[in-house]
1. For the chain, with only Lys/Arg (+1) and Asp/Glu (-1) charged at the beta-carbon, what is the dipole magnitude about the Cα centre, in debye rounded to 20?
2. Just grab the label-to-label distance for LYS555 and LEU458, each label 7 Å out from Cα along the Cβ direction, in nm (one decimal).
3. Could you give the size of the charge dipole of region 444-606 about its Cα centre, using +1 on the Cβ of each K and R and -1 on the Cβ of each D and E, expressed in debye and rounded to the nearest 20?
4. Per 0.36 nm of contour for each residue apart, how much would the distance between ARG638 and GLU578 grow if the chain were fully extended, relative to their Cα-Cα spacing?
5. Taking R0 as 45 Å, what's the FRET efficiency between HIS619 and SER282 from their Cβ-Cβ distance, rounded to 0.05?
6. Given the pairs LYS135/LYS377; LYS478/LYS506; LYS26/LYS334; LYS137/LYS285, which span a C-alpha to C-alpha distance of over 23 angstrom in this model?
7. By how many nm would the segment from ASN563 to THR94 grow when fully extended, if each residue of separation counts as 0.36 nm and the alpha-carbon distance is taken off?
8. Please report CYS507, CYS500 as a ranked list, fewest other C-beta atoms within 10 angstrom at the top and most at the bottom.
Amino acid sequence: MALRLSVIESHLTIPSQVNPLDNFSKEKINISLLQAEYYKPKPEITYKFNELIENNPLFDLNGHMEKSREEQRELILRQILYLYPKLYASFDLTDSINRCLCGFAMSGFDLTLSGRYSVHSVLYMETLEFLGTEKHKPIIEKSLMLKEYGSFSMTEISHGSNVAGLETTALYDHSSREFIINSPSPTSAKFWIGGMANTSTMTIVFAQLIIEKKNYGIHAFIIRVRDSNHDPVEGIHIGDCGAKSGLTGIDNGFILFQNLRVPYDALLDRLSKITPEGKYKSSFKNNEKRFGIMLSGLTGGRTGILGSTEVNLRNALTIAIRYGAIRLQFGGEKEKPILTYPTHKYRLMPLLAKCFAARMNFKLIINLYTEAKELIKKDPENLKVSELHGLLSIFKYLNSRYSQDGIQECREACGGHGYSAYSGFSRLRGVNDAHHTWDGDNNVLIQQCSRFLLKNILHSFKGNPIISSYVSFISASKTCITHESLTCPQDLISLLEYRCHYYMNKCMSRLQSQTNPDTKIVWANSQVHHMNNLSISFGELVAAKELLKFANELKVKCQHTGNEVEKIFKLFSLSVLEKDHIGFSDKEHKLIEEKVVEMCDVVATNCVKIIDAIALPDHVLGSVLGYSDGKVYERYMRVVESAPGCYGKPSWIHLIDDMKKAF
Ligand SMILES: Cc1cc2nc3c(=O)[nH]c(=O)nc-3n(C[C@H](O)[C@H](O)[C@H](O)COP(=O)(O)OP(=O)(O)OC[C@H]3O[C@@H](n4cnc5c(N)ncnc54)[C@H](O)[C@@H]3O)c2cc1C
């Protein structure tokens, strides 16, 4: 084997004097500054995680690729057991933002690890913190020390997005001051519950609260699901959801309840209580508002998803850009890197710009979430809470879309080798896919942003001042499209504001033109081409503004670095405008198209340096195509040769003899 490896290496080693990656690293960018600023807030959590997994065989992505479902789940739990005490010792994990950022750091390596950890540390713990009261603190403390491992049981096999329609019931029995939890039908089985199949000891169940035959709507209950022998407690039936499209190391399960009696304290009763006299009491008169706050535990999960989608796209771009710089095809006597071809630049550079935009979305939400965390509990109707919710809803859609489409494009940009599992793309694409759906389906979430926008627009149309400063586009007007305006950052922002304004007018005429008295039907009929586009254009406007702000802040510290990020901002804005037909003339649209191609060329001259600044280290990236030294072929062959069955005969070799004798 060793002999074969060295023979192959001698054929494949690239002469070391020229590093092809240097061809795309022209400008004087301050790499460490860009990394430090890009990685904020709290980059130390990511650095710590990266350090913890270095040279540790537990974290060898390629080595563990062919493990069975059972083995993968064991591996992930071993990884958590190794990491958690070290992270706990280094950071204050009583702070939910820190827990969320730990999950984000893990997701840069493997979303399976991050997902398994985050269901407990973010979804379950945060819901307990938001909805629980003093008496639930001991469970929080035990959960923080992993003495209990929690899950989040909301979705049922027949209901996901429509949480209000869940079937599970919690019947209040005043004589014993207990709840009787039931799954009244096979379609009410809680399904997809992360951690339920094998790991959970506790879960938060979302069920219809019924008191004296009256339904008070969905409430959350903390319930023990397994006893000290790790068997399901009496009255609970648990199973495994089986094979999935990815994330095999997460034990998604289903759970049904049969007359499970739990004490009053199971109710997470910060928002609504049952008095000692047996009367229901809620701090919210409006059921819809109470219901919205009931789902606040999802905020941390969705925030983590913004970070995870961005890092998945960043990883895919790291691989595709480095590979594009070393992969030679055509070009005559001296073959040229594929990244020198305009089509390749046009495929990858707008994605790099989207990656930066996605990062800005994550940064903004982390800041807004940090500010609003206490308000969600104390004053949930505060403007800051609704801004957080509106923006988070559209950013989850945008970031997931950018990354899923981007990962696929990057895979194709690496040709056949991109299809090898050792490239890392299939893992990235498989795990990233779940982000469109879990913690709230993205297409349903767009409508949450649309509701936020409509409220602001209607308020302003009545002659009132704008409620949220983010909704600045209400008074926008069209900016002329010229070569100059397409290179001026402020004009580009004005054009993006005009884009929102255009969709706002379209939406208002659509809503007004419908005569159906049922507002739900009017709303549903106003989504496609209208409210959806308004929300998307709004999300992209805010992202662009944040990206420009980031470039300007960098300029103060290092002009060169800030200038490079400003170019990325321009490309982001232009490529967003390029895809839309919002009343631009053919001539104007042609100008935009030309500018996009020009900016792709400009950004490409430095793209390796930029990606090197923001990339995760090689051992976290785990791709044979994406190494920072550009030595692809040697590593690729080494990993292929080390995989089981590379040489020799398979165990089913006798079938080949049978085949010969078949006729
Ligand atoms: C890997 C994985 C892990 C998960 N983990 C958990 C977990 O730990 N706990 C938990 O409770 N759940 C979990 N889920 C479930 C997840 O949260 C739900 O799948 C999600 O909320 C969507 O619900 P659904 O599957 O019922 O889709 P549906 O609501 O049936 O949606 C199907 C499609 O219909 C569209 N649609 C629905 N309503 C509307 C509407 N009003 N207007 C327009 N279009 C609409 C949606 O956009 C979607 O494309 C997990 C799911 C996955 C895939």
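Quick note: the coordinates plus some simple rules give every number you see, no bench work behind them. Remember, it's a predicted structure, so these values are computed and weren't measured experimentally. All Cβ positions, glycine included, derive from the backbone under ideal geometry; neighbour counts span all protein chains shown.
1. Computed about the Cα centre, the dipole is about 840 debye.
2. 4.1
3. Dipole of region 444-606, to the nearest 20 debye: 680 debye.
4. This chain segment gains 17.3 nm when fully extended.
5. Here the calculated transfer efficiency is 0.30.
6. As for pairs spanning more than 23 Å Cα to Cα, those are LYS137/LYS285.
7. Result: 164.9 nm gained on full extension.
8. Listing CYS507, CYS500 from fewest to most nearby Cβ atoms yields CYS507, CYS500.
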